[in-house]
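First comes the structure, then the notes that go with it.
The values are calculated or read from the model by the stated rules, or taken from the named source; none is laboratory data. All values reported here derive from a predicted model rather than from experimental measurement. Every residue, glycine among them, receives a Cβ derived from its backbone with ideal geometry; neighbour counts consider all protein chains shown.
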Amino acid sequence: MINIVKNKKISFAISSIVFIISLALILIIGLKPSIDFTGGTLMEVSFTETRPEISEVITVLETAGFDNNVVQPVNEDGFLIRTKFISEAEHQVILAALKKSFQTGNVVKPTEDGPKAVSAVVGADGVVEFTDVKETTDGKTDGNNVVEQRIETIGPAISTYLKDRAWQAALLVILAIVTFIAYAFRKVSKPVKSWKFGVVAIVALVHDITITMGIFTLLGYFMGVEVGIPFVVALLTILGYSVNDTIVVFDRIREKIMKRGSDKFAETVNIGVNETLVRSLNTSITTLIVLLSLFLFGGESIKYFSLALIIGILLGTYSSIFLASPLLVVWEEYRNRK
């Protein structure tokens, strides 16, 4: 049996250091918000043969009259281009500028009779003109073509609304968790009041969420990773998973208290944690296998959503075992010293 409660100072020290560093990163650097929270336009374009350098794309955008853009590589053949909020006319100007600078070959244009190979030429006025050409002998078109994969536009009013709703959702979840745990553990009054289980669970949740945000702050600073609504969904999912794991541990502690009594509380807590240790690890490992598969093979759109869940579940498993339960013991020891 692992004496987790006796060695609680080690886990407390590790958690405190990482938590403080994460909190400092969030306050000093801050998360890098996506257009979900700032408003703007996000375009994804790909190149059929040769992807240009980021600096070349930025130069083309600035020449077309669009400054302060963020250009990030995606996959092996494309870019994500984030700009201020633009109209459809401005969108077409950007697309035409990219094609004028980087498109050199033929493209496939849909027609009533099916796809047809055409040559795309951008005129001086930015209008793209198409001319029919013959396909190559293998039925494929040649040259480097610019293909727009998607475009997302969110106005400032909507982004502010989404930001406010995200905070409201997080606060409501936390309040609901405290209320539920206090009710579920209402029959446990000695030596720890039922509401204290809820408060300790929230401390563990804040620990998990803050460190996850701190890691994404670093990813945003060094790799340009942005956080949006999917990241908020990931955080809420982490809240649910972590508190579920914590409640399972607390429930076993409650059973042990009701059988053994409130004497030797620290020993009872340690037994309860050890009896749920294998269950917690098995559940987390099986979940992480799925999330790791999504992270590696699920595509760019859910890559960082999966990463946030991976980090959160690792932290949630750790905090349920090495943080939440020992905190109950510390709280009880402090009350007895008063």
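General remarks:
- Leading residue by the ranking (nearest to the chain's Cα centre (by Cα)) among those in the range 271-308 that are over 30 Å from residue 78 (Cβ atoms) and among the hydrophobic types (A, V, I, L, M, F, W, C): 285
- Residue pairs meeting the criteria (Cβ under 6 Å; at least 6 apart or on separate chains; first under 12 Å from residue 212 (Cβ atoms), in the range 14-34; second buried (at least 16 other Cβ atoms within 10 Å of the Cβ) and aliphatic (A, V, I, L, M)): 18/211; 22/211; 26/213; 31/227
- Conditions (1) closer than 17 Å to residue 318 by Cα; (2) modelled with pLDDT under 85; (3) in contact with a Ser or Thr (Cβ under 9 Å, 6 or more places away or on another chain); number of the one not met by residue 240: (3)
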